[in-house]
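Quick notes on the structure that follows.
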Amino acid sequence: MMIRSVITSCSFFVSTILFLLSISDLLVKIHGLGFGINYGQIANNLPLPSQVAVLIKSLNVSRIKLYDADPNVLVAFSETNVEFVIGLGNEYLENMTNPSKAQTWIQQHVQPYFSQTKITCITVGNEVFNSNDTQLMLNLLPAMQTVHDALVNLGLDQQVTVTTAHSFNILSNSYPPSSGVFREDLAQYIQPLLDFHAQINSPFLINAYPFFTYKDNPNMVPLNYVLFQPNQGTVDPNTNLQYDNMLYAQIDAVYAAIKQMGHDDIQVRISETGWPSNGDPDEVGATPQNAELYNGNLLKRIEQKQGTPAKPSVPIDIYVFALFNEDLKPGPASERNYGLYYPNGTPVYNIGLKGYLPQMPMAAKSNVSRNMMEL
């Protein structure tokens, strides 16, 4: 009788452990997605960084990309183990070609926070080749080199890498993916830039938005193809590789363009991608339903650590755009509607993540009421 009781107790114990493990595994699947997120702040109604830090922790997001080096954000995220990409805006590029000014910037914007906040990358400029400013283009590589040299001088180059983010339209051709090629007028800038990336082993960042392609050609581009929904896909006639979504085709087109310039030693990462939940009347496809499908399906593929057809063993590396809707962004309505969250902490749509945003700064009230949300 005692043996039977022991066996029953052991069985119960094992069942309980298995149940807890299954719950833990479920939480990892839901919360432990390896994606980064863009934290833009072109708005006048966003929560405080201290509140955002709690939200990010609750989502278990481990990587954030900023467009500046906001000290309030870096302080709020101290001791959180969240990895940060910080940014130098295009307006800084000329100054960053000066070694003294570059080193001073790092001493003021990186070193004071480095011991507490995980700063892993600096983006020097954003979509520089999308401008018509020749001097800005000429300053880009020297600025990146000078910032890197300053990191070397300060002993930070092994922890912090240097790169820049590009618009996808730096390609003159992206279909089929294996025929991807950079614009001829940009080759003089991109070739030495790629050589620099290979030299310091830093990633090539691209902002890729299948939404733009669909919006401009809704009668030619299948919606399911851009939303990662079931579809017949396309086949690259040169490689016979099958593509079931546009984003992967865009990534491989960038790899092909880089290879065409003599490099197969540079990793491509997506520094921005997303889908707007609202837009102007002529912005076809900008709906909450499509945004939910795009980002929800994308997160599932990130969870599966998928690679692209041309790089199946290299998991896609993606920063989703964006954390919040930003009400002061210029341009069409879609620009103000890429957020996963409204500024008050309400999810814009449901893609299966759970998180909460404190209703007051943590320092202001020890017993904070929490707004439980499902996103």
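The values are calculated or read from the model by the stated rules, or taken from the named source; none is laboratory data. Every value quoted in this text rests on a predicted model; they were computed, and no experiment measured them. Counting neighbours? That spans all protein chains shown, and the Cβs are built from the backbone with ideal geometry, glycine included. Please note that ligands, DNA and RNA were not included when accessible areas were found on the heavy atoms of the full protein model with its side chains. Shrake-Rupley method; radii C 1.70, N 1.55, O 1.52, S 1.80 Å.
Which numbered condition in (1) surrounded by 18 or more Cβ atoms within 10 Å (Cβ to Cβ); (2) touching a Ser or Thr at 6+ places or on another chain (Cβ under 7 Å); (3) among the polar types (S, T, N, Q) is the only one that Asn238 fails?
(1)
Spot the failing condition for Leu357; the list is (1) open to solvent by less than 60 Å² (accessible area, probe 1.4 Å); (2) among the hydrophobic types (A, V, I, L, M, F, W, C); (3) under 25 Å from Asn44 (Cα atoms); (4) assigned to a loop (DSSP other than H, G, I, E, B), and only one is missed.
(4)
How many residues does region 201-215 hold that are outside any loop (DSSP other than H, G, I, E, B) and either open to solvent by 30 Å² or more (accessible area, probe 1.4 Å) or among the polar types (S, T, N, Q) (or both)?
4
May I ask you to list the residues in region 216-240 that are on the phi < 0 side of the Ramachandran plot, in a loop (DSSP other than H, G, I, E, B) and over 26 Å from the mean Cα position of the chain (by Cα)?
Selection gives Asn219, Met220, Gln232, Asp236, Pro237, Asn238, Thr239.
Condition check ((1) within 20 Å of the chain's Cα centre (by Cα); (2) not in a helix (DSSP H, G or I)) across all residues:
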| site | (1), (2) |
| --- | --- |
| Leu293 | yes, no |
| Leu299 | yes, no |
| Pro315 | yes, yes |
| Glu326 | yes, yes |
| Gly331 | no, yes |
| Pro343 | yes, yes |
| Ile351 | yes, yes |
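Which one of Ile302, Ile316 is in contact with a strand residue (DSSP E or B) (Cβ under 9 Å, 6 or more places away or on another chain), of a type in the set (A, V, I, L, M, F, W, C) and more than 23 Å from Ala53 (Cβ to Cβ)?
Among Ile302, Ile316, only Ile316 is in contact with a strand residue (DSSP E or B) (Cβ under 9 Å, 6 or more places away or on another chain), of a type in the set (A, V, I, L, M, F, W, C) and more than 23 Å from Ala53 (Cβ to Cβ).
Among the numbered criteria (1) open to solvent by less than 10 Å² (accessible area, probe 1.4 Å); (2) closer than 14 Å to Ala53 by Cα, which single criterion is violated by Asn72?
(1)
Given (1) surrounded by fewer than 20 Cβ atoms within 10 Å (Cβ to Cβ); (2) touching a helix residue (DSSP H, G or I) at 6+ places or on another chain (Cβ under 6 Å), where does Phe129 come up short, assuming only one miss?
Answer for Phe129: the failing condition is (1).
Just to be sure I understand the filter: pairs with C-beta atoms under 9 Å, separated by 6 or more residues or on different chains, first member in region 37-49 and within 26 Å of Ile270 (Cα to Cα), second member open to solvent by 20 Å² or more (accessible area, probe 1.4 Å) and among the aromatic types (Phe, Trp, Tyr). Which pairs pass?
Close Cβ pairs (under 9 Å, with a partner that is open to solvent by 20 Å² or more (accessible area, probe 1.4 Å) and among the aromatic types (Phe, Trp, Tyr)) amount to Ile37/Tyr319; Asn38/Tyr67; Asn38/Tyr319; Tyr39/Tyr67; Gly40/Tyr67; Gln41/Tyr67; Ile42/Tyr67.
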